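This report refers to the structure that appears directly beneath it.
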Amino acid sequence: MTTRFDALTRPKAGDDHQAPSKHRSIGFVLAFVGLMLAAVTLIANIAAANSDTETGTTAAWSFGLTVLGFGTIKLAIGLVLVGILVRLWFRVTAVKDACANLKPDAEAAAPRGTVQTEFGECTETAEAPGPLPIHRMARTMWFPMLAMGYMLVFVGFVLSLVWSGKVEDGTQQAAQAWTQGVQFLGEGMLLAGVSFLLGSILAALREGGGELQQSLGLAVRTLKMPKTAKLFVGFMVAGLMVSMVQFVLYIAAASITNPQSFAAWSAWLGPFREFGLGLLLAGIVLALVTIGNVLAFQFSRVREIITTGK
Amino acid sequence: MTTTTKFDYEVTDRGPGYNKPQTMGNRLWAPMFAMAIMAFPVALVLSWVRASTIADATGPADIEDAARLGHLVAAFGFIGFLAVFAAISFAIARILGRFRKGGGEIQESVGNEVHTLKMPVTAKIFMLFMMMGMMTIGVSVVLHFVAAGAVGTWELESVARWGEVLEGFRRFGVAMYLFGIAFGLGTITTVLRFQTIRVGQLAR
């Protein structure tokens, strides 16, 4: 299964590296659709606030539609990230060819084990290191997370229509709890899918960098997992767990019949589910920072190869 | 005709280094990240206080307290979202900066003229939507504090309606931020495409 999803992130035979990314174009269209869904709910909220009768009904379906809009943009972001992965492999091939031509002749130095660089501690090996377990997991999990996440967000939107229909007779509590629980579990999974794609980008940078150095017969220098990457994994796992716990708690809240108790539960479950998304988003920040650091290390290494041949 | 004529780029003798938004990205991602990880727990703690107030409510004073806390919870929660989305945007700008600086330095070390992609339209859309998202959420947060301060002087119904309208604006602000992030990441694919073509030229 890993291979099947991994194939989606690599160029196919005969793909033109000069052609613009299709993933990017489709991603931009999807992102625009998501933005428009959010715009519809903004207008609906303003209209409902000025109406004496519509407020509760509009709040229900507009909640579902907004989260569907957010989910659509997150799916678009996932698609753009797949486009980045495909481009990264084109780049590996191009840099390999260029370095083979530009590298001055020099006797390759023997691998030194561990090396300290300005970008952090590195390992020097004779062969390219294999992927880390977290990289294998990222390559397996990004697709199921994105697919299940978007499905849950859509199911939640349908539930929000049920919630909306029950507002007038005052029996909306269970539908409200199910909508919020299901949609935010979906949101959490979508962000986890995006995080796994960022993990796959880090894996591609590691694998591509190793392949390049090995193909030139050089000692393979690989950056050790930085602290930001370890924290990224920690934030992602914590965020996903909070998203699952909030889902279970919303199911529990769906059976509460006392309106005052239900209001009290809702008062903290909302911020709790947002806390979970905040953890996942904080992890994404750290993943992007790690990618920036790895890129700086790789540019420096390529420059070293071109100028010294070692 | 070179392959890079498909792009709008500038030619210099030396690597251009970071541009202003990228320098800003380098400096600001960390403070924004710190602000985010502080704001979310504050909102969560306030929400527990509010839940307890609602559960034990016996009179109008409790209802007013719950309304005030409702606006404060939303305000702190969305300070968190504002900050974390800003941190993501700055981290993307930082990555674009790494490509610009690193690509320039490699071309310089080969002894070739340095080709640097001019800021693509997608990068401008990224920055525009990031700023609009930030302003929309920022103004909503300020107005939540105003509404929280007005509980007791305004009618409770007005306070609740402010909450509904601000919720719509907050959500739209988040959507604008996410839309901008999609374009920021899309810019990375353009830069990768440009650099892949340029690396091929260097080798010839």
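Within region A:266-310, the set of residues being within 29 Å of B:Phe81 (Cβ to Cβ), in contact (Cβ under 8 Å) with a residue 60 or more places away in the chain, more than 7 Å from chain B (Cβ to nearest Cβ) and aliphatic (A, V, I, L, M) comprises A:Leu269, A:Leu277, A:Leu280, A:Ala287, A:Val294.
Scanning region A:254-265 for residues that are more than 10 Å from chain B (Cβ to nearest Cβ) and hydrophobic (A, V, I, L, M, F, W, C) returns A:Ala254, A:Ile256. Restricting attention to region A:142-188 and to residues that are of a type in the set (D, E, K, R) and part of a helix (DSSP H, G or I), the residue that is surrounded by the most Cβ atoms within 10 Å (Cβ to Cβ) turns out to be A:Glu187. Per the listing B:Arg170, B:Arg161, B:Arg193, the residue uniquely of a type in the set (D, E, K, R) and under 30 Å from B:Gly102 (Cα atoms) is B:Arg193.
Note on region B:35-68: among residues that are in contact (Cβ under 8 Å) with a residue 60 or more places away in the chain and among the aliphatic types (A, V, I, L, M), the one that is surrounded by the fewest Cβ atoms within 10 Å (Cβ to Cβ) is B:Ile63.
For every residue, the table says whether it meets (1) crowded, with 24+ Cβ neighbours inside 10 Å; (2) more than 25 Å from B:Phe169 (Cβ to Cβ); (3) small (Gly, Ala, Ser); (4) facing chain A (nearest Cβ under 8 Å).
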{"position": "B:Ala74", "(1), (2), (3), (4)": "yes, no, yes, no"}
{"position": "B:Gly80", "(1), (2), (3), (4)": "yes, no, yes, yes"}
{"position": "B:Ala87", "(1), (2), (3), (4)": "yes, no, yes, yes"}
{"position": "B:Ile106", "(1), (2), (3), (4)": "yes, yes, no, yes"}
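Within region B:171-189, the set of residues being of a type in the set (Val, Ile, Thr) and more than 8 Å from chain A (Cβ to nearest Cβ) comprises just one member, B:Thr187. A:Ile43 falls short on exactly one of the conditions (1) at the interface with another protein chain (Cβ under 10 Å from one of its Cβ atoms); (2) in a helix (DSSP H, G or I); (3) surrounded by 15 or more Cβ atoms within 10 Å (Cβ to Cβ), and that condition is (3).
Name the residue, out of B:Gly149, B:Gly163, B:Gly133, B:Gly200, that is closer than 25 Å to A:Gly64 by Cβ, surrounded by fewer than 22 Cβ atoms within 10 Å (Cβ to Cβ) and of a type outside the set (Asp, Glu).
Unique residue meeting the criteria: B:Gly163.
Among the residues of region A:98-141, those identified as at the interface with chain B (Cβ under 10 Å from one of its Cβ atoms) and surrounded by 15 or more Cβ atoms within 10 Å (Cβ to Cβ) are A:Ala98, A:Cys99, A:Leu102. Determine if region B:136-152 includes at least one residue that is closer than 22 Å to B:Ile92 by Cβ and either within 11 Å of chain A (Cβ to nearest Cβ) or β-branched (Val, Ile, Thr) (or both). Within region B:136-152, one or more residues are closer than 22 Å to B:Ile92 by Cβ and either within 11 Å of chain A (Cβ to nearest Cβ) or β-branched (Val, Ile, Thr) (or both).
Of the residues making up region A:18-30, those that are under 13 Å from B:Leu192 (Cα atoms) and surrounded by 18 or more Cβ atoms within 10 Å (Cβ to Cβ) are A:Ser21, A:Arg24.
Residue check, A:Ile251 against (1) under 24 Å from B:Val84 (Cα atoms); (2) away from every other protein chain (no Cβ under 12 Å); (3) β-branched (Val, Ile, Thr), all met but one. Which one? Only one criterion is unmet by A:Ile251, namely (1). Scanning region B:6-25 for residues that are surrounded by fewer than 19 Cβ atoms within 10 Å (Cβ to Cβ) and within 11 Å of chain A (Cβ to nearest Cβ) yields a total of 3.
Got at least one residue in region A:63-79 being over 17 Å from the mean Cα position of the chain (by Cα) and of a type outside the set (A, V, I, L, M, F, W, C)? Yes: one or more hits. Do we find a residue being within 13 Å of chain A (Cβ to nearest Cβ), surrounded by fewer than 20 Cβ atoms within 10 Å (Cβ to Cβ) and touching a residue at least 60 places away in the same chain (Cβ under 8 Å) anywhere in region B:110-118? Checking region B:110-118: at least one residue is within 13 Å of chain A (Cβ to nearest Cβ), surrounded by fewer than 20 Cβ atoms within 10 Å (Cβ to Cβ) and touching a residue at least 60 places away in the same chain (Cβ under 8 Å).
Kindly check whether there is at least one residue in region B:155-170 that is away from chain A (no Cβ under 13 Å) and either without any contact (Cβ under 8 Å) to a residue 12 or more places away in the chain or closer than 30 Å to B:Phe76 by Cα (or both). It would help to see each step written out before you state the result.
Narrowing region B:155-170 to residues away from chain A (no Cβ under 13 Å): B:155-156.
From the residues that got through so far, the ones that are either without any contact (Cβ under 8 Å) to a residue 12 or more places away in the chain or closer than 30 Å to B:Phe76 by Cα (or both) too are B:155-156.
Checked region B:155-170: at least one residue is away from chain A (no Cβ under 13 Å) and either without any contact (Cβ under 8 Å) to a residue 12 or more places away in the chain or closer than 30 Å to B:Phe76 by Cα (or both).
With respect to the conditions (1) in contact (Cβ under 8 Å) with a residue 40 or more places away in the chain; (2) on the phi > 0 side of the Ramachandran plot, A:Trp178 lacks only one, and its number is (2).
Quick note: the coordinates plus some simple rules give every number you see, no bench work behind them. Everything quoted here is computed from the prediction, not taken from an experiment. Ideal geometry is used to build each Cβ from the backbone, glycine not excepted, and the neighbour counts take in all protein chains shown.
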